[in-house]
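Presented below is the structure to which this report refers.
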Amino acid sequence: WRCREGLRRSPLSQHVLPDGGFEKSANQRSTQWRLQEVPSLDEVKMSARREQGGAHSGKQSLCLEIKPKYPKNAPAALERSFIALHSPAVKLTPGTLVRITVWAKLKNGVSGSVDGAMIYDSAGGEPLAVRMQSGHTKWTRYTLFRRVPASGTIHVTLALTGMGKVYFDDVSIEPLRSTTSAMAPRPAPEKSRR
């Protein structure tokens, strides 16, 4: 409860992540966001693209898709197929509390993978990822609170590990300006000596 109250009292700064709305045109590829495609033995096609129409806000959103090369013989499970887009690293003071917000839409769910579509950051890594398996037709907001690690940088990863199509939009990293010590841990009570 103290943590929640501390977050409530900490005003947000302006978001610091460039091109989190994916509004650049298709021929204006962002040099700051980095695409990662992990090759595998699976017979699938992978793509990452900006799609017009149906965005959460603005005109475009990011679409990650993995589909079988031969739909009639789609694999039941994928070995290591993985497509991800990594945001640029944002430089902030180590220990800064940030709010990471991502809007996502997963229309038909993900098959062939237990991890499905994922959202994670460089501070929490894959173990603390948001994992989406089942479909939802409406845009859903996912929020993570993290502290900037000692490196002074933090970035976000949007990934797809199974067959399906996922949309991401309005990705932001917002530092919180602390105005209270409510988030600081309380000292342990002293033991009385008898």
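Summary of values
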read-out	value
Global size of the range 97-170 as Cα Rg and Dmax, reported in angstrom	12.7, 39
Volume in Å³ per residue [convex hull over Cα atoms, computed for the range 2-161]	143
Phi to ³J(HN,Hα) by Karplus 6.51 cos²θ - 1.76 cosθ + 1.60 over the range 128-141, Hz, x for Gly, Pro	9, 6, 7, 10, 10, 10, 8, x, 9, 7, 9, 5, 10, 8
Estimated inter-spin distance, Gln36 and Ala89, nm [label 7 Å along Cα→Cβ]	1.3
Ordering of 94-103, 33-42, 164-173 by packing [mean C-beta count within 10 Å, highest first]	164-173, 94-103, 33-42
Candidate aspartates and glutamates - alpha carbon under 17 Å from Lys59, same-chain residues fewer than 8 apart omitted	Asp19, Glu23, Glu51, Asp169, Asp170
Karplus-derived HN-Hα couplings along the range 54-59 (A = 6.51, B = -1.76, C = 1.60, θ = phi - 60°), whole Hz, x at Gly and Pro	x, 5, 5, 8, x, 9
Accessible surface of His86 - all protein chains present, 1.4 Å probe, nearest 10 Å²	20
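The values are calculated or read from the model by the stated rules, or taken from the named source; none is laboratory data. Values in this document were obtained by computation on a predicted structure and should not be read as measured data. A quick note on method: Cβ atoms are made from the backbone with ideal geometry, for glycine too, and the neighbour counts reach across all protein chains shown. Each accessible area value is taken on the protein alone, full model and side chains, heavy atoms only, with ligands, DNA and RNA left out. Shrake-Rupley method; radii C 1.70, N 1.55, O 1.52, S 1.80 Å.
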